[in-house]
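Chemist: Mind looking over this structure? Questions follow.
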Amino acid sequence: MSSVRPKLKPETPKSVTAWETASGRTVWMDADGNWTKDAARIGAFTGDEAEAHLARALQQEGRVTDPYFMEVTETGAVAGRETLRETIRVNGPTVAYGEDA
């Protein structure tokens, strides 16, 4: 499953984001290439490193769903054309999850 999203230039800082299949929660790759639910740990990648992280994420379909690039700053903060959408994903849903309620 994949959605059409804006193409980011190789030099644009980006992170890999997806949904954790088991819980439906948003996850991001951290700087070490591991999945995290903590938006403060979003990794920022460029060029071939970014492509390698996305390829790794795509191999994990099943554990995660629909991995894709999102534009971030060099420090991992949300940026770019999809800022509103990604900010909502970072800050969480507008309803509480069962375990957090």
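The values are calculated or read from the model by the stated rules, or taken from the named source; none is laboratory data. Predicted, not measured: the structure shown is a model, and the values here were computed from it. A quick note on method: Cβ atoms are made from the backbone with ideal geometry, for glycine too, and the neighbour counts reach across all protein chains shown.
Chemist: Among the candidates Glu51, Glu61, single out the residue that is acidic (Asp, Glu), out of contact with any helix residue (DSSP H, G or I) (no Cβ under 6 Å at 6 or more places or on another chain) and within 14 Å of Lys14 (Cβ to Cβ).
Modeler: Of the residues listed, the single one that is acidic (Asp, Glu), out of contact with any helix residue (DSSP H, G or I) (no Cβ under 6 Å at 6 or more places or on another chain) and within 14 Å of Lys14 (Cβ to Cβ) is Glu51.
Chemist: Shifting gears a bit: Taking the condition of being of a type in the set (S, T, N, Q), modelled with pLDDT under 95 and exposed (fewer than 13 other Cβ atoms within 10 Å of the Cβ), how many residues in the range 1-51 meet it?
Modeler: 3
Chemist: If you scan the range 9-27, which residues turn out to be among the basic types (Lys, Arg) and in contact with a strand residue (DSSP E or B) (Cβ under 6 Å, 6 or more places away or on another chain)?
Modeler: The first filter runs over the range 9-27 and keeps only residues among the basic types (Lys, Arg), leaving 9, 14, 25.
Within the range 9-27, just Lys14 meets the criteria.
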